[in-house]
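Read the figures in this text as sums done on the coordinates, not as results from a lab. Just so it is clear, the structure is predicted and the values come from calculations on it, not from any experiment. When we count neighbours, we look across all protein chains shown, and the Cβ atoms used for this are built from the backbone with ideal geometry, even at glycine.
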Amino acid sequence: MTVAVLIIEDEAEVRSLVQATLERAGYRVIAAEDGPSGFRSFYEARPDLVLMDVRLPVMDGWALLDRMREVSEIPIIMLTALTTENDTVRGLKGGADDYISKPFRTAELLARCEAVLRRSSGPANRELVFEDAILKMDFQGLEVRLEGRPLALSPQEFRLLATLVRNADRVMSVAKLTETVWGSESGNRENLRMYISYLRKKLKDGSGRFNIIETIRGFGYRYRGSGG
């Protein structure tokens, strides 16, 4: 199967160079020029690897990295002209798998991609699925099943459920949930309540007996691994 790589880069010249280099090496390439379109492509195309600039318009690479890591362990390489040690450490601590400084040689780019893809296929990276008696959630494949049945979720619903599931049986604050799903701690509390309601309607079997998402008044919400 051809490996799919998502490039998120606002500089057209760099984007074209990286795309041509990867395609000549046999990769299938999806390209985006800003944060929001990059995240949509990330969700819809389900790439095997992401190459992402830090200085992106609308939503920068740091914010995009945080949002991607909330829902997936797909390998991510940061491409940037920011070369200080602090920038590198920030990227790696934020969940990036590698960090390539601009300008770079195409041979180095290909070697880094191959190395990251090899590491991502190792045993430590296979535990990318949450599963309990009711729910199965594939964070890398972006798939959810309820009692074995496929469950269709929007990107916001997936991010919200992924955050709750990754912290099963822990109370998640409203601030943390809104920051994860919408990129801001404020201004989205009504949206959060609305999407919690959407999820609750979808996370029920025919009898409607499941109470998977519990409200903790005055603080936030919790995924109940037992299903209630």
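Listed values, structure above:
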{"quantity": "Peptides 49-58, 151-160 ordered by average Cβ neighbours within 10 Å, highest first", "calculated": "49-58, 151-160"}
{"quantity": "Separation of the residue 129 and residue 211 label points, Cα + 7 Å toward Cβ, nm", "calculated": "3.0 nm"}
{"quantity": "Spatially proximal aspartates and glutamates relative to residue 204 (Cα-Cα < 20 Å; intrachain offsets below 8 disregarded)", "calculated": "131, 132, 138, 143, 147, 157, 169, 214"}
{"quantity": "Ranked by how many other beta carbons lie within 10 Å on average, peptides 106-113, 16-23 from highest", "calculated": "16-23, 106-113"}
{"quantity": "Residue 202 paired with residue 119, simple spin-label distance in nm, labels 7 Å along Cα-to-beta-carbon", "calculated": "3.2 nm"}
{"quantity": "Ordering of 171-179, 64-72 by packing [mean C-beta count within 10 Å, highest first]", "calculated": "64-72, 171-179"}
